[in-house]
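Below is one structure, written out as structure tokens; comments come after it.
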Amino acid sequence: MKIHEYQAKEIFSQFKIPVPRGSVAHDPEEAKRIAEEIGGARWVIKAQIHAGGRGKGGGVRIGETPAAVAEIAEEMLGMTLVTPQTGPQGRLVRKVLVEEGVAVKQEFYVGAAVDRAKQCPVLIASSEGGMGIEELAACRPEGIVREWMDVGLGLPAFQARNLLFGMGIDASLVRAGTGIFSQLFKVFESHDCTLVEINPLVVTEDKRLLALDAKIEFDDNALYRHKDLLELEDTDEQDPLELEASRHRVNYIRMEGDIGIMVNGAGLAMATMDLIKQAGASPANFLDVGGGATTEMVTKGFEIILGDKNVRGILINIFGGILRCDVLAKGVVDAAKKVAIKVPVVVRLDGTNVEEGRNILAESGLDFIVANSMADAAEKVRGLGASKARNPKSEIRNKLE
Ligand code: GDP
Ligand code: MN
């Protein structure tokens, strides 16, 4: 689960990680009032969306009077912000963070994440903070220092020093920097995070360290132990179809393509996505209805796939094990009767009760395209998506079939 920058900064404050003074605003008047309360001569107005790269997209701006702050807030609120991380469709800005403007001398990157290969948390630091860390990781990975953590030990001083000297911080700031790293790791560990990032951590003109940006992501699988964090969830930032799916315990992730898939088992779902790619088409989603799926869950899954307007065809690929083919078929038929299906549906069923399943589909009176194997399914799906033009031969074959 992701949270907004202003919420992450509230957590930082609780853990004594210094952040600029500021507060979240929902309208221009409130933005102006916050600027007046903070005082000073420069304020930063920052769009609050669950995506980074805002600086590059016009989502971080400076106002020099409270009236200018209100004006900028007015422009930002309600705008669709496009950044390198939002995709071309962008994100609607519903809140802005108004903060004191800070005179920045130096920008660093610091963060904590999970190293899945090493199976432990890793602290990361770089002298090249600010807006280019992704490029740095790609082009010059040696510019990034890492220290792997033993969760039982906390952060030993020598590891903090390795990071701080590695990122080239001034010796006079090593003590303050050690404090920030150890608090950052406490935030990470105590909230079961998958990511805590300060980019940039800055040295101000008056030689203080300050977290100018803040990003926190929690491990969804651990949220049951942090009921209080659920309050921080902003459902406006979630894909409405993914939200709907999670409410019904359907494992669905939306993607860019146009072939909707419904599969049982994450492994088979991955294989099915590969299959679609190899056939020259592109999957519109990942959807694992799971082993213990009920007819209701299958119906819901089908509705969710159809809720995606990009979908031009659907592939149902089920290997009946715990989930029997007849249960799946009944769910599909129920869903098909409930929602008008305007796209072709290819069904490949195999395993437990496959005959019963195929009969239910055949007797439904609905127009399913039955595939007899994975290879056959790939062949039949090939003609459905936008990329079919790339495979003219098979398109002709499909027409002949
Ligand atoms: P992001 O682009 O979404 O990661 O947003 P950030 O919060 O990191 O802001 C982008 C950039 O704006 C930062 O890297 C800073 O260089 C700059 N910035 C943000 N706040 C201030 C500020 O108070 N003073 C100055 N001088 N620069 C700032
Ligand atoms: Mn940033």
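Just so you know, all these numbers are worked out from the coordinates, no wet-lab data involved. Fair warning: this is a prediction, and the values are worked out from it, not measured in the lab. Cβ sites come from the backbone with ideal geometry, for glycine too, and all protein chains shown count toward neighbours.
Odds and ends about this structure:
- Fluctuation leader among ALA67, ALA214, ALA271 - the chain, Gaussian network, Cα springs under 10 angstrom: ALA271
- Cα gyration tensor shape of the chain, rounded if a/c is under 1.5, else prolate or oblate by comparing a/b with b/c: prolate
- The amide H of LYS105, built 1.01 Å from its N in the peptide plane, has VAL203, THR204, GLU205 as neighbours under 5 Å, considering only residues 5 or more places off or on other chains.
- ARG42-THR80 pseudo-label distance in nm [points 7 Å out on the Cα-to-Cβ vector]: 3.3
- The stretch 277-369 shape via C-alpha gyration tensor axes, a/c threshold 1.5: rounded
- With both residues required to sit in the chain, DSSP beta bridges show an antiparallel share near 70%.
- A rounded overall shape is assigned to the stretch 239-394, the ratio a/c of its alpha-carbon gyration tensor axes (a ≥ b ≥ c) being less than 1.5.
- Too-long pairs where the Cα-Cα distance tops 21 Å, listed order kept, from LYS56/LYS215; LYS2/LYS300; LYS56/LYS207; LYS16/LYS186: LYS2/LYS300; LYS56/LYS207
- Working from label points 7 Å from Cα in the Cα-to-Cβ sense, the ASP274 to TRP148 distance is 2.7 nm.
- For the stretch 70-83, 3J(HN,Hα) per residue [Karplus equation, 6.51 cos²θ - 1.76 cosθ + 1.60, θ = phi - 60°, Hz, x = Gly/Pro]: 4, 4, 5, 4, 4, 5, 6, 5, x, 7, 9, 8, 10, 10
- Available extension along the chain between LYS342 and GLU244 is 33.1 nm, counting 0.36 nm per residue and deducting the alpha carbon span.
- Contour minus Cα-Cα distance for ASP27 and ILE62 (0.36 nm per residue): 10.9 nm
- A Förster distance of 22 Å, applied to the separation of the beta-carbon atoms of VAL104 and SER172, puts the FRET efficiency at 0.80.
- Karplus-derived 3J(HN,Hα), 6.51/-1.76/1.60, for each residue of the stretch 117-129, Hz, glycine and proline x: 5, 8, 6, 7, x, 10, 9, 10, 9, 8, 6, 9, x
- Most mobile listed residue (VAL110, VAL343, VAL381) in the chain, GNM with C-alpha springs under 10 Å: VAL343
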